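Enquirer: Sharing a structure below in structure tokens format, with a few things to ask.
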Amino acid sequence: MEGALVVSLVIAVLALFVVYRTAVVVPQQSAYVVERLGRYHATMNAGFHILVPFVDVIRYRHTLKESAHDIAAQVCITRDNVQVGVDGVLYLKVLNPERASYGISDYLFAITQLAQTTLRSEVGKIDLDRTFEERTTINISVVSELDKASEAWGVKVLRYEIKNIQPPADVLAAMEKQMRAEREKRAVVLTSEGVRDANVNTAEGAKQQVIKASEATRQQQINEAEGQAQAILAVATATAEGIRRVADAIRTDGGMEAVQLRVAEQYVEQFGNLAKNTTSVIVPATVSDLAGMIAAAMKVFGSVAATPPPRTPGPPAR
């Protein structure tokens, strides 16, 4: 009885061991590589699987999730012979578990080393000043080179990102001085440009002011000339109208007598004002002959009145 019990226990343990070795549950986003008698047999994806006891063996287990791996900091030399420390992060994903198992012994180590050498090569192509602004270009170049090599290993390199670029301390101090000098230069340039623009605006304003003032003066002179012309024309018109009316009045009855009376009045008035204006007076010999003076003046007036006015040429005969 005791021997049968021992045999039963051994059989039960052996059965459990066989079930444990043959029944396999693969988690989601995982893949197991199975070998049968030392050779590749199959790749088990997520789910429940049965293996042949003592014949099938799970040799490799891979995760199909995207994984991130640190790339250790290394010293890179730029094109202008400056040493900088650069580190980064690498993102990759297993696409073919069979190639990842048999294509290379350690794909992660190989990709990490290749990322470092490619990074040194890309940094050596550019100057120090451009390493900071060309980070995206460097990342794309590293991913392109890694993707070509890792395709045979069944691994897809998705992204590479540079985390830090650390120049030497003396180079950092020189860069800070350069940036400070550039800022001061820009400040001086902007100040000079502001002064120049202000001077240009002031000169342009003075120019416009002079132009407007000259235009105003010219317009004022034009207006004054037009006003004087109109005033002269109005005076001449009024004078002509007055002379015409005087002439019409002289031609009427009693007009000549009125002229003689007016001449006599003017003669007496002007003769009386001679002594008021100056101390030396030249008196004609016949000063008492008022009638003779009036007769002489009327004779002149009569000769002028008898002269016919100039004739205006008429239109040509047809």
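Enquirer: Name, by its number, the condition in (1) outside any helix (DSSP H, G or I); (2) at pLDDT 90 or above; (3) in contact with a Gly (Cβ under 9 Å, 6 or more places away or on another chain) that does not hold for Lys156.
Expert: Every listed condition holds for Lys156 apart from (3).
Enquirer: Residues of segment 125-147 being open to solvent by less than 80 Å² (accessible area, probe 1.4 Å) and among the hydroxyl-bearing types (Ser, Thr, Tyr), which ones?
Expert: The answer is Thr131, Thr137, Ser141, Ser144.
Enquirer: Considering (1) touching a helix residue (DSSP H, G or I) at 6+ places or on another chain (Cβ under 6 Å); (2) modelled with pLDDT of 90 or more, say which one Val210 fails and leave the rest.
Expert: Unmet condition: (1).
Enquirer: Evaluate the following for Thr22: is it polar (S, T, N, Q), open to solvent by less than 30 Å² (accessible area, probe 1.4 Å) and farther than 25 Å from Val143 by Cα?
Expert: yes
Enquirer: If Gln220 satisfies every condition in (1) open to solvent by less than 90 Å² (accessible area, probe 1.4 Å); (2) among the polar types (S, T, N, Q); (3) in a helix (DSSP H, G or I) but one, which is the exception?
Expert: Single failed check for Gln220: (1).
Enquirer: What residue, among those in segment 49-71 that are open to solvent by 50 Å² or more (accessible area, probe 1.4 Å), at pLDDT 90 or above and out of contact with any helix residue (DSSP H, G or I) (no Cβ under 6 Å at 6 or more places or on another chain), is farthest from Arg120 (Cα to Cα)?
Expert: By that ranking, first place goes to Arg59.
Enquirer: A further question on this structure: Assess whether Tyr102 counts as being within 30 Å of Gly38 (Cβ to Cβ) and open to solvent by 80 Å² or more (accessible area, probe 1.4 Å). Please lay out each step first, then the result.
Expert: Details: within 30 Å of Gly38 (Cβ to Cβ): yes; open to solvent by 80 Å² or more (accessible area, probe 1.4 Å): yes.
Yes; evaluated as a whole, the condition is true for this residue.
Enquirer: When you go through Glu193, Glu176, Glu184 one by one, which is the residue that is over 25 Å from Val84 (Cα atoms) and at pLDDT below 90?
Expert: Answer to the check: Glu184.
Enquirer: While we're here: Report the residue count in segment 129-153 for those that are in contact (Cβ under 8 Å) with a residue 24 or more places away in the chain and either outside any helix (DSSP H, G or I) or closer than 17 Å to Leu108 by Cα (or both).
Expert: The qualifying residues number 8.
Enquirer: State whether the residues of segment 93-100 include one that is under 15 Å from Leu146 (Cα atoms), in a strand (DSSP E or B) and aliphatic (A, V, I, L, M).
Expert: Yes, segment 93-100 has at least one match.
Enquirer: Separate question: Looking only at segment 159-184, count how many residues are of a type in the set (Val, Ile, Thr) and not in a helix (DSSP H, G or I).
Expert: Total satisfying the criteria: 2.
Enquirer: Does segment 31-48 hold any residues that are crowded, with 16+ Cβ neighbours inside 10 Å and under 30 Å from Arg159 (Cβ atoms), and which are they? Spell out the reasoning first.
Expert: Going residue by residue through segment 31-48, those that are crowded, with 16+ Cβ neighbours inside 10 Å are 31-35, 41, 43-44.
The answer is Ala31, Tyr32, Val33, Thr43, Met44.
Enquirer: Might you check whether a residue that is touching a helix residue (DSSP H, G or I) at 6+ places or on another chain (Cβ under 9 Å) and open to solvent by 30 Å² or more (accessible area, probe 1.4 Å) occurs anywhere in segment 106-116?
Expert: yes
The values are calculated or read from the model by the stated rules, or taken from the named source; none is laboratory data. Bear in mind the structure is a predicted one, so any value in this text is a computation, not a measurement. As a convention, Cβ positions derive from the backbone with ideal geometry for all residues, glycine included, and neighbour counts pool all protein chains shown. Keep in mind that these areas ignore ligands, DNA and RNA; they rest on the heavy atoms of the full protein, side chains included. Shrake-Rupley method; radii C 1.70, N 1.55, O 1.52, S 1.80 Å.
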